[in-house]
1. Any chance you could count how many residues in region B:115-135 are more than 11 Å from chain A (Cβ to nearest Cβ) and either closer than 16 Å to B:Met202 by Cβ or surrounded by fewer than 24 Cβ atoms within 10 Å (Cβ to Cβ) (or both)?
2. Name the residue that is nearest to the other protein chains (Cβ to nearest Cβ), counting only residues in region B:77-105 that are polar (S, T, N, Q) and in a loop (DSSP other than H, G, I, E, B).
3. Could you give me the residue pairs with C-beta distances under 6 Å whose first residue belongs to region A:107-124 and is closer than 20 Å to A:Ala65 by Cα, whose second residue is loosely packed, with under 13 Cβ neighbours inside 10 Å and of a type in the set (Val, Ile, Thr) wherever it lies, and which are 6+ apart or on separate chains?
4. Return the total of residues in region A:26-46 being more than 19 Å from B:Arg322 (Cβ to Cβ) and part of a loop (DSSP other than H, G, I, E, B).
5. Among the candidates B:Asp423, B:Asp460, which residue alone is out of contact with any Pro (no Cβ under 6 Å at 6 or more places or on another chain), at pLDDT below 95 and surrounded by 16 or more Cβ atoms within 10 Å (Cβ to Cβ)?
6. Residues that are under 30 Å from B:Leu320 (Cβ atoms) and within 14 Å of chain B (Cβ to nearest Cβ): find the strands (runs of 3 or more DSSP E) completely inside region A:67-125 holding 2 or more of those.
7. With the requirement that a residue be touching a residue at least 24 places away in the same chain (Cβ under 8 Å), more than 13 Å from A:Val203 (Cα to Cα) and hydroxyl-bearing (Ser, Thr, Tyr), what does region A:229-267 give you?
Amino acid sequence: MSAADYETVIGLEVHAHLLTRTKMFCGCATTFGAAPNTQTCPVCQGMPGSLPVINRRTVEFGIRAALAIGCRVNLQNRFARKHYYYPDMPKNYQISQYEEPLAEHGSVEIELGGERRTIGVERLHLEEDVGKLLHEGELATARSSQVDYNRAGVPLMEIVSRPDLRSPEEAVAYLRTLRAIVVFLGVCDGNMEEGSLRCDANVSLRKRAVAILGTKVEIKNLNSFRHVQHALEYEVRRQGQALDAGERIVQETRLWDPERLRTVSMRSKEFAHDYRYFPEPDLPPLDLPAASVDEIRAGLPELPAARRRRFVEAHGLTPYEADLLCQGRGLADYFEAAVRAHPKPKAVANWILNELLRELPGDDDKAIAACPIPPAGLAGLLALVDDGTISGKMAKDVFEKMYRTGEDARSIVTREGLAQVADAGELGAVVDQVLAAHPQVIEDWRGGKKAALGFLVGQVMKSTQGKANPALVNRLLGEKLPKV
Amino acid sequence: MLAALTLDALGARFRAGEATPSDAARDHLARIEAHDPRVRAFVAVTRDLALAQAAEADARFKAGKPLGPLDGVPIALKDLFCTRGIRTAVGSKILETFVPPYDCTAYQRLRAAGAVLLGKLNMDEFAMGSSTENSAYFTTRNPWDLDRVPGGSSGGSSAAVAADLAVATLGTDTGGSIRQPAAFCGIVGLKPTYGRVSRYGMVAFASSLDQAGPFTKTVADTARVLQVIAGADPMDSTAAAVPVPDYMAGLGGGVKGLRIGIPREYFIDGMDPEVERAVRAAVEVLRGLGARTEEVSLPHTEYGLAAYYLIGPAEASSNLARYDGVKYGLRASGGRDLVEMSSKTRAAGFGREVQRRIMLGTYALSAGYHDAYYGQAQRVRTLVARDFQRAFQDVDAIVAPTTPGVAFKVGEKADPLQMYLNDVFTVPVSLAGLPGISVPAGFTREGLPIGVQVVGRAYDEATVLRVAHAYEQATDWHTRKPALEAAPR
């Protein structure tokens, strides 16, 4: 059999750090990158006698995300303890949700190659993150290991998809879409490098037209779109080859090794954890008033999918452009503000996607907020191009200066004398000079060498240091040449 | 001698200027020095701290601004209440070096009321036991007979009050660990409603059952202490925001017209006939005081113990998972990797009973057994709770024996199952989360104390205290004291 005979079945478990100032069950800060164990207390260190108290904000953020992906919020839900031993987990159990999660039964619409598909979401639940182990040297040979509990207790929401994804590309598209949603909602910063968003993937292959799912393999800890793509491609290939060779797929957990570009076995089902879940006795069940959920629903912003559609329909952007502009709320807001000041959406989108994003360190809200060129500034620059004050080419130089200095376009153009020469009298004199200086070229032109015109245009631009309005130069040459 | 006084009587002396908190602290410290070498209630005596705290109380009384009835009163805590800077070993080798960086809520509240800390009290390891014989350190002795156990797991807490080594102590009760030792030592011990007192800073055994409560010489003293430690706590979501009434105000209300239920299932074959006789006599006293007594039925009582010995260990197996040698307490040497380090630490640090319960609990929660054990136990728990709800539709309080027998000899109950039977009358009340108090109800011919238990509706400690107080005031069992001879110097 060839790979084409198998259907790929993928489900993703996405973990997103919630953007609350304090941890899930205590008052410690959640800031990334602090010195080890400086953001800890008896509760998040799992000290004997300490007790968790739910941070209400994490529940609110979870509900926001749940509603955005069409989940049903369980007004009655509760926390459970999930047990396994690992030193990065202070209590050797994680407070999570099991039988009664915060929300269930939602969906995310993805678009791939112009085609739309709906991916089911099984559940969304809240849980605490674990700490981090720091090894002295390489893990295998480390002389000692230390634990940093700063991350322990940072609130996470886990969004579990149904096994509806049919290719690595779809998986990436789903992850991108989900990321855009949580970032838009302001509940997660979407930063995959810092681990704010990461995922595990369940992959299996089955013969086409067979309803029963194949044996699944879980791939852990995928923390970039590229890793998701590569790991899934690798795993699909590996399983296909194994099945072709008549082997059975072992149900196991595998780890993506981004250095060697392959997945490696972590543990098989026989050694799988028995998590021994039971309801967390230290926390009473959450009993959410229906009104509080309605209130959160009413406060939801326009979501990326709706906004994307509007950008295409109302602003005439391509789906691709709209998609890029809707990766974050800040960027989409920037675009709309610029369009309000300069109602040419296509041009605004081009400038943002080609020029602005090249300069900015990222497309996240933080980068947009720190952008030295405000939307009105970009609009001002484009207005100067439109009214012929500067050429499109010159506008790029002005843009770079604006980005470096924060000055507006008009001041830069005025100070540096960059305005186009668009005065027919002034430019006519220059054209006359150029024609007088190049009789041979005029002869060539008369002899039928049309390229000679381009040379003359170039000469006019040269003598005006590029400030001549090219359209006007062409018109003047067209008028004057035959008369020479 | 000040150490012989009740909390109320001592407070009266302070207010009258006849004694100072420092006098009381010194008196108790001297008595601890004289008698604790035999009783062995204390695992640590915080002498300097006690004297410093007492001196502060002296100043408040001198300035005419005492904090209240507990100001300057010498107390002590079971060694599972976290105390900042003071080792809290929980009766275990695994926490032998554990010095908490924070105070538990109950101690914070006692301190805010001016109480003076004499020290930390012995207990069965992780509160698992009924005799203190499971303490990793030593066995506490019953002041009424030093060959006998003081009960447990809060045996240090009960022995200290019975021997006048502290005016009041705190213990914890998961399945009877306050009421049983109070009965064995002839004093008052109250397990409040689950959720009445904050568990923050109380090292957990079984989170859905653990509850802190006082040991005192009288019911009134218990009301005083409960008044201070009860109430909601932002650090404990299971501490309920149910208003705390003025317990002293209702204490003297008497039992006239009160309906009191006597559960049929609490008088069983094999119980000590002297205990049964004493409890039935106590019921007669209450009837004589005007209470209407009637028999009630709690039909699922016999399944309580089995459910308890699944739920308790299941939660314990989870709560005790954190003791792995990584963060605090013991770390056994010689482990070549993480798994070995943790298993060696846990093997060396936990005693036999704790290991037994961790294994029981782990098993009860395991895939494939979870529903048959943990799940079934939870269903039984619901039935037991419903028994009480039904009974409390007809009666205002239930009166029953605290334990089937009296204090046994050290080493007498080697079989864990024999030991577990001690909790048969206290466990159902714990499963239902209800308040229960044990008050002295007489002595056996051998001179060993007997306790009677009064159980009330959830959060109705007021009625429990009122019934117990009425009975106590009509009898003089609580005024008797064990004859202790000072240890030779």
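1. 9
2. Among those residues, the one meeting the criterion is B:Thr88.
3. A:Ser107/A:Thr118; A:Glu109/A:Thr118
4. Final tally of qualifying residues: 10.
5. Details: B:Asp460 fails: at pLDDT below 95.
Every option except B:Asp423 fails the conditions.
6. Result: A:80-83, A:93-96.
7. If the condition is that a residue be touching a residue at least 24 places away in the same chain (Cβ under 8 Å), more than 13 Å from A:Val203 (Cα to Cα) and hydroxyl-bearing (Ser, Thr, Tyr), then no residue fits.
The rows are residues; the columns are (1) closer than 21 Å to B:Pro440 by Cβ; (2) aliphatic (A, V, I, L, M); (3) buried (at least 20 other Cβ atoms within 10 Å of the Cβ).
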| site | (1), (2), (3) |
| --- | --- |
| B:Ala223 | yes, yes, yes |
| B:Pro234 | no, no, no |
| B:Ala239 | no, yes, yes |
| B:Gly250 | no, no, no |
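The values are calculated or read from the model by the stated rules, or taken from the named source; none is laboratory data. All figures in this text were calculated on a predicted structure; none of them were measured in a lab. Cβ: placed from backbone, ideal geometry, glycine included. Neighbour counts: every protein chain shown.
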